[in-house]
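Report on the structure given below.
The values are calculated or read from the model by the stated rules, or taken from the named source; none is laboratory data. This is a predicted model, so every value here is computed, not measured. Don't worry about glycine lacking a Cβ; one is built from the backbone with ideal geometry, like all the others, and counts go over all protein chains shown.
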Amino acid sequence: MSKYVVAFITQGKRVQLRHAIVEGENRDSALRRFFTESAGENYSNDEHGFLYFKEDFFDENNPAGSIIELE
């Protein structure tokens, strides 16, 4: 499995930077694991919540996160 560095700025009353190194078969699986472990509290804990998270993560105008694959 590949390792990814994921960082995400939470939206809410208190803005925080969440970051972690996660493993996954690909970027989507690593992002889903990060969502489940670190960012899910700001979204519903289901497929819709993950899709909103991913949409915020890859927003072209104001992305809330970054994911980089480690070599």
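From the list Glu37, Glu41, which one is within 10 Å of the chain's Cα centre (by Cα) and at pLDDT below 90? Break it down into steps so the answer makes sense when it comes.
Working: Glu41 fails: within 10 Å of the chain's Cα centre (by Cα).
The match here is Glu37.
If a residue has to be in contact with a helix residue (DSSP H, G or I) (Cβ under 9 Å, 6 or more places away or on another chain), touching a residue at least 40 places away in the same chain (Cβ under 8 Å) and not acidic (Asp, Glu) to count, how many in segment 54-71 make the cut?
So the count comes out to 5.
Of Leu17, Leu31, which residue is surrounded by fewer than 12 Cβ atoms within 10 Å (Cβ to Cβ) and of a type outside the set (Asp, Glu)? First the steps, then the outcome.
Working: Leu31 fails: surrounded by fewer than 12 Cβ atoms within 10 Å (Cβ to Cβ).
Criteria check complete, one pass: Leu17.
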